[in-house]
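Laboratory data are not the source of any read-out in this text; all were calculated from the coordinates shown. It should be emphasised that the depicted structure is a prediction, and the values quoted were computed from it without experimental measurement. Don't worry about glycine lacking a Cβ; one is built from the backbone with ideal geometry, like all the others, and counts go over all protein chains shown.
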Ligand SMILES: Nc1ncnc2c1ncn2[C@@H]1O[C@H](COP(=O)(O)OP(=O)(O)O)[C@@H](O)[C@H]1O
Ligand SMILES: [Mg+2]
């Protein structure tokens, strides 16, 4: 995907205070439709706090979140999801004993009429979930398989399948490769590309500059709750990015 000019998600003057700690100190950020935007910064820079605000997991102390230009307040992660912002948590929040399709449709199962009754529409859920797995380039396309039988990378695609089920516009991922080895990291990067290829906008928090160079179009670097750099990734390598994260200044 190439980004269009229109911001799908924006924050303006976004601030969050935890007691004496100013975790976010008035941030402006635009996430453009169709882009992969990486959020980088040292530990404590405010990355997860920003993600918690835009995913509906916590409420800002001040400032605004906008979806397609309209101010919104998310009551909960479920509310954010229903409005098009899906967040993939590091623990993936999957039920390993259940099938792929059951995880994808959890809490929002499809039903069909059977005479006077409504029953679960297992067939359609399996077909749709299998289709999304295929769209994401997963080798596992039989959505009846239990999640417990899948690798870490494949589990990520199930979690992302859930975002597709809700037809989310923006998919938010906080350090998706932090706990993964080389091979699984490569799978997750492929997954992010495939997801972006379906037209989704991706907001990716990452410590790994090689990952950022590999998949992101743009990078925002945070320092002490402020955005200090916001620029295209093109022309940068991992070393230049690391240097910018450390110093908070553009590479010379
Ligand atoms: N729930 C909380 N209570 C108190 N302080 C917090 C809380 N969450 C984050 N912080 C503080 O806010 C700052 C930003 O944290 P965080 O957003 O987790 O940074 P990052 O994800 O970039 O490492 C840090 O100083 C952190 O200690
Ligand atoms: Mg964090």
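Odds and ends about this structure:
- Per residue, the convex hull spanned by the alpha carbons of the stretch 1-79 comes to 96 Å³.
- Taking a ≥ b ≥ c as the square roots of the eigenvalues of the Cα gyration tensor, the stretch 83-152 is prolate, since a/c reaches 1.5 or more and a/b is larger than b/c.
- Label-to-label distance, nm, for residues given as residue 70 and residue 42 (7 Å Cα→Cβ offset): 4.1
- When you restrict to C-alpha pairs under 8 Å that are six or more residues apart and normalise by the size of the stretch 1-148, the relative contact order lands at 18 percent.
- If R0 equals 30 Å, the separation of the Cβ atoms of residue 111 and residue 193 corresponds to a calculated FRET efficiency of about 0.30.
- Between the Cα long axis of helix 122-135 and the first principal axis of the chain there is an angle of about 40°, rounded to the nearest 10.
- Percent of beta bridges antiparallel (DSSP, the stretch 89-228, rounded to nearest 5): 60
- A Förster radius of 51 Å combined with the Cβ-Cβ distance from residue 249 to residue 124 puts the calculated FRET efficiency at roughly 0.45.
- Residue among 96, 77, 176 with the largest mean-square fluctuation in a Gaussian network model of the chain, springs linking Cα atoms under 10 Å: 96
- Rounded to 10°, Cα long-axis angle of helix 182-197 versus longest principal axis of the chain: 80
- Each of 101, 18, 89 was scored by other Cβ atoms within 10 Å of its Cβ. Listed from fewest to most, they are 18, 89, 101.
- One decimal place: the segment residue 17-residue 238 gains 76.4 nm when fully extended, by the rule 0.36 nm per residue minus the C-alpha distance.
- Counted residue by residue at 0.36 nm each, then reduced by the alpha carbon distance between them, the extension gain from residue 95 to residue 134 reaches 12.0 nm.
- Cα-based shape type of the stretch 123-195, given that a ≥ b ≥ c are square roots of the gyration tensor eigenvalues and the cut on a/c is 1.5: oblate
- Inverse mean reciprocal Cα-Cα distance (Kirkwood Rh) of the chain, Å: 18.8
- Helix axis angle, 152-165 relative to the chain longest principal axis, alpha carbon, degrees: 80
- Inter-part distance where the stretch 191-252 and the stretch 120-134 are each reduced to a Cα centre, Å: 34
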